[in-house]
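Q: A single structure is presented below for examination.
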Amino acid sequence: MMKTRARTSVFWDIKTYPVPRGCDAGLVGWCINRYLKRLGYCGPLSIIAVGLLTDVPDGLLRKLSSTGIVLNHVPLGSIGILRSMDAWKQDHPAPANMMLISSDESILPRIRHSSGYNIRRLFPNYSTKTWKRFLLQDSGEWTGTAKSPAYWLCSLCNNDVCPGFQNFTTHLSSEEHADEAIRIAVETVASTWVLWDINSCPVPPDCDPRRVRPLIKQYLDDFGYSGSFTITATGLLTDVPHDVLRALSSTGVDLRHISFSSGNILNDMYNWTGMNPRPATLLSIVPYLEILSPMYVGNQRKLGCNVIELFPYNSPYSESLWKKFLLEDSGTLEEEDKCSETGEHASWHCSEFHDIIGKGFDTFISHLASPDHKPEEVIKHPRLVVSIRFVIV
Ligand SMILES: [Zn+2]
Ligand SMILES: [Zn+2]
């Protein structure tokens, strides 16, 4: 009973569920409203037209806005819609209802379910016929009364809620919006470095480590990042099972053995952003709030380095969100992409007592067991750190 009195938001993917020919666009809001009322939903309702709205005729958007439909410009197709749904959840605590109207089959399995949110689809399968029938069956009762224009938001720029249809079209043709679009376009072809703290975000026992790289690749693809990317699994690697490291290395994940996680990782981040050409993107899988402070992210952005987070970092939940990313999202991978052994092991870097780099998993293990890794001086005087750089080829 609770759910019927709760707030409901309908996410209408206007690109995959366009208004059918011969249907008045004003019917959409009215039909959805009536449908939900018939199901007993009586709480506040928002209908949000999501998608690349710059591709939708102005006249149609104006009409939708005048019937109370919120306009949400989102780039990046399905991932943009998913992000919009996540952002809505952050602003609207449970209990709440969400309904998706989209024929994009990749969206539903990737919706992050949270307790208290009742998520449903309008139709299990898309068909123009069903959608048209839904809009036309009782259209005789529709009086076509216009409301005041609904609010709008541009997820490309900032997700702030703004009023007035005219302001929406002005925003889409503004310099600020164009600059943001250019910035994102430039960033997406730049190289990306994925920094992964493998001690804080380990591979769960029921996940094949060879899936990590393809999943991250898919994530970057979804965001439109098409440049080259490197993944470095960093941490105290002697605490990570050998078979996990071997599997990761075989798929092209670089290994970086360090002794003190947070300090060294932070240094790595600063070094990398300082040494690489801009623009560049850093995808961080490091669940420390203090590292990913808005100030750090803002400073890096000013320097031309875009920092993105795989999931929101609030320490108590980061491990479960990482598990969810690996276990739930792997279901959406194409079979041939699930494991991506490259036939050649990736590079490794040991900086526990020194800076030694090499290639191949076996040489890494031999190095850890060798006197090169733990020289006698270090065993006798553990505080002594040898600072010599070797290269093993
Ligand atoms: Zn914008
Ligand atoms: Zn070493």
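Coordinate-derived values only; no laboratory data. Since the model is a prediction, treat every value here as computed from it, not as a measurement. Every residue, glycine among them, receives a Cβ derived from its backbone with ideal geometry; neighbour counts consider all protein chains shown.
Q: Short version: ³J(HN,Hα) in whole Hz for each residue of the range 124-133, in order, from phi by Karplus 6.51 cos²θ - 1.76 cosθ + 1.60 (θ = phi - 60°), x for Gly and Pro, what are they?
A: Per residue, the Karplus-derived 3J(HN,Hα) values read x, 9, 7, 8, 4, 4, 5, 5, 5, 5 Hz.
Q: Evaluate the distance, in nm, between pseudo-label points positioned 7 Å from the Cα of H113 and of T54 along their respective Cα→Cβ axes.
A: 3.7 nm
Q: Right, something else. If you plug each phi of the range 50-65 into the Karplus form 6.51 cos²θ - 1.76 cosθ + 1.60 with θ = phi - 60°, what whole-Hz ³J(HN,Hα) values come out, in order, with x for Gly and Pro?
A: 10, x, 7, 6, 5, 8, 9, x, 3, x, 5, 4, 4, 5, 4, 4
Q: If you don't mind, another one. Pop the C-beta distance of E141 and D104 into the FRET formula with R0 = 22 Å and round what comes out to the nearest 0.05.
A: 0.10
Q: Follow-up. Between E309 and A178, with labels modelled 7 Å along Cα→Cβ, what's the label distance in nm to one decimal, could you check?
A: A separation of 3.3 nm, rounded to one decimal place.
Q: Right, next: Please identify the trypsin sites (Lys or Arg not before Pro) of the range 125-223 that satisfy two criteria: DSSP loop assignment and at most 13 other Cβ atoms within 10 Å. Which are they?
A: K147
Q: Can I ask one more? Starting from 0.36 nm per residue, how many nanometres of slack lie between N271 and L39 once their C-alpha separation is accounted for?
A: 77.8 nm
Q: Measuring from label point to label point, each 7 Å out along Cα→Cβ, what is the S46 to A94 span in nm?
A: It is 1.9 nm.
Q: If you take the Cα Rg of the range 2-173 and divide it by 2.2 N^0.38 Å, with N the number of residues, what do you get?
A: 0.97
Q: Assuming R0 = 56 Å, what is the FRET efficiency of A185 and T4, from their Cβ-Cβ distance, to the nearest 0.05?
A: Approximately 0.80, to the nearest 0.05.
Q: Between the range 1-77 and the range 113-170, how far is it from one alpha carbon centroid to the other, in angstrom?
A: Each part's Cα centre sits 1 Å from the other's.
Q: May I ask you to derive the FRET efficiency for N299 and L327 from their Cβ-Cβ distance with R0 = 35 Å, giving the value to the nearest 0.05?
A: 0.55
Q: Can you flag which of K89/K323; K15/K132; K15/K302 are past 27 Å Cα-Cα?
A: Listed pairs above 27 Å: K15/K302.
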